[in-house]
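Derivation of every value follows stated rules applied to the coordinates shown; laboratory data play no part. Bear in mind the structure is a predicted one, so any value in this text is a computation, not a measurement. Heads up, the Cβs are rebuilt from the backbone with ideal geometry, glycines too, and the neighbour counts pull from every protein chain shown.
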Ligand SMILES: [Zn+2]
């Protein structure tokens with residue numbers, strides 16, 4: 001096991017040291033290999049390529065990908081069985097479902113070895129902001145990974161967000177992490193709980209922000225309160241690590257793991273500076289290939305794709321991803337989005353990380369004391385989820401907010417607020 005881990009770590013490290021030209025060559029080799037694999041072992045991509053009159057040999061570089069149509073989350077949901085590679089057995093794979101916060105929920109398979117690749121990539125993200133074997137990491141995850149994030153070699157602690165703040169404060173003061181990995185709305189909430197004296201004693205050197213879109217004023221707020229710099233990390237269940245910020249505050253795309261395109265509304269590549277939708281091709285997930293996958297986030301390419309930090313990975317602009325609202329109750333009490341996710345999503349884990357209980361949801365606060373929760377049933381749906389949901393919402397809102405829960409066939413994200421899953425309509 002150690003040897004697989006070390007091999008992945010070494011491989012990932014070697015890519016960081018390549019020249020941009022060598023890295024592009026490496027990326028294209030991986031792409032061609034993935035395309036051949038997808039054509040050979042998945043009926044979905046074989047059909048897609050046949051219909052586009054494209055053979056695997058026609059796709060050898062990033063630009064060749066334009067010959068294929070992009071695929072949506074709905075395509076993946078509807079064709080799941082023909083997208084999973086016939087070269088893999090599900091029982092040999094890691095199965096994860098994406099969270100509702102990332103859009104329609106998907107079941108995703110990864111080959112078991114890819115887990116080590118993911119860890120090595122995470123180590124890369126952290127080293128880009130100053131992490132080293134001598135530093136301590138504290139991360140928040142709904143379900144902390146048992147095997148840890150740093151190969152079991154380094155000092156780290158994983159905490160669940162639902163842990164009471166008073167307990168988290170104690171952990172922070174005794175563990176004194178150098179790096180904190182956390183989601184923005186949670187960081188803001190936690191910073192309001194901690195005193196200036198606490199923060200001075202903890203002495204965090206850098207914060208890695210993940211999972212949510214980060215707005216400039218929120219980042220400034222987090223940096224001011226924690227008295228350190230905060231950097232973005234961009235990853236997903238489907239893709240693994242996509243991009244991460246270096247200390248020069250540039251988002252570097254990990255082109256050894258993904259190919260990232262940005263397309264305009266007509267599906268054409270955007271010009272530098274022009275905003276468009278991010279479309280991703282995984283170069284490492286052989287169990288369930290994602291080729292030209294519309295992930296639903298937006299960004300742009302800056303005029304200059306290089307950064308003075310010396311990393312060979314090309315630079316993109318800020319990621320415009322999901323941005324949820326907090327709810328406001330009568331009397332002004334603010335309920336941050338992360339707490340609502342805890343109530344809505346945590347019960348899903350009771351069914352297992354590989355189960356798809358819901359395929360989508362949307363929650364909207366209509367009045368100060370009234371909200372609607374819409375959900376779309378998944379194949380593993382059970383009524384007991386609704387019982388747990390009601391319980392969670394009750395604990396969170398009490399009698400201050402009534403939530404109407406309703407099933408629906410489809411949540412139209414064009415008509416609803418497209419990029420929000422938790423949305424407040426009242427001022
Ligand atoms: Zn850089």
Evaluate E = 1/(1 + (r/R0)^6) for residue 58 and residue 237, where r is the Cβ-Cβ distance and R0 equals 35 Å; express this FRET efficiency to the nearest 0.05. 0.70
Taking a point 7 angstrom from the Cα of residue 176 along the C-beta vector, which residues in the stretch 201-229 have backbone N less than 19 Å away? 201-207, 226-229
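Could you give the length gained on full extension between residue 354 and residue 113, defined as 0.36 nm per residue of separation minus the Cα-Cα distance, in nm? The partial results should precede the final answer.
Working: separation 241, 0.36 × 241 = 86.76 nm, distance 1.75 nm.
That pair, residue 354 and residue 113, stretches by 85.0 nm at full extension.
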Could you give log10 I(q)/I(0) at q = 0.14, 0.19 Å⁻¹ for the stretch 327-424, computed by the Debye formula over C-alpha point scatterers of equal weight, without solvent? -0.51, -0.94
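Taking 0.36 nm per residue of sequence separation and subtracting the Cα-Cα distance, how much length would be gained by fully extending the chain between residue 157 and residue 96, in nm to one decimal?
Details: separation 61, 0.36 × 61 = 21.96 nm, distance 2.22 nm.
Value of the extension gain: 19.7 nm.
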Can you tell me the FRET efficiency between residue 6 and residue 165 if r is taken as the Cβ-Cβ distance and R0 is 35 Å, rounded to the nearest 0.05? 0.40
Could you tell me the convex hull volume per residue, in Å³, taken over the Cα atoms of the stretch 275-380? 193
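Can you give the calculated 222 nm mean residue ellipticity of the chain, where each DSSP H run of n ≥ 4 adds -39,500 (n - 2.57) and the sum is split over every residue, rounded to the nearest 500 deg cm²/dmol?
Numbers: 12 runs with 137 residues, N = 427.
The helix-only estimate for the chain comes to -10000 deg cm²/dmol at 222 nm.
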At 25 °C and 0.890 mPa s, grab the translational diffusion coefficient of the stretch 1-131 from Stokes-Einstein with a Kirkwood Rh over Cα pairs, rounded to a whole number in µm² per second. 145
Calculated on alpha-carbon atoms, Rg and Dmax of the chain in Å: 21.5, 65
With a point put 7 Å past each Cα toward its Cβ, work out how far residue 66 is from residue 248 in nm, to one decimal. 2.8
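Starting from 0.36 nm per residue, how many nanometres of slack lie between residue 304 and residue 382 once their C-alpha separation is accounted for?
Working: separation 78, 0.36 × 78 = 28.08 nm, distance 5.07 nm.
Answer, rounded to one decimal: 23.0 nm.
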Distance (nanometres) between label positions extended 7 Å along Cα→Cβ at residue 198 and residue 22: 4.7
Rounded to the nearest 0.05, FRET efficiency between residue 51 and residue 395 (Cβ-Cβ, R0 56 Å) equals 0.65
Based only on Cα atoms, what mean projected area does the convex hull of the stretch 168-215 have, in nm²? 3.3
Distance from the Cα centre of the stretch 275-351 to that of the stretch 203-252, in angstrom? 12
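Hey, what does the equivalent ellipsoid look like for the stretch 336-388, semi-axes from the Cα gyration tensor as sqrt of 5 times each eigenvalue, largest first, whole Å? Each step should come with its number before you reach the end.
Numbers: eigenvalues 92, 30, 17 Å².
Computed over the stretch 336-388, the values are 21, 12, 9 Å.
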Over the stretch 254-308, consider all pairs of different Cα atoms and compute the Kirkwood hydrodynamic radius from their mean reciprocal separation; express it in Å, one decimal. 12.0
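Cα-based Rg of the stretch 215-342 per 2.2 N^0.38 Å, rounded to two decimals? If you can, show how the numbers build up before the last one.
Values: Rg = 16.9 Å, N = 128, 2.2 N^0.38 = 13.9 Å.
The stretch 215-342 yields a ratio of 1.21.
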Cα centroid distance between the stretch 166-189 and the stretch 58-102, in Å? 35
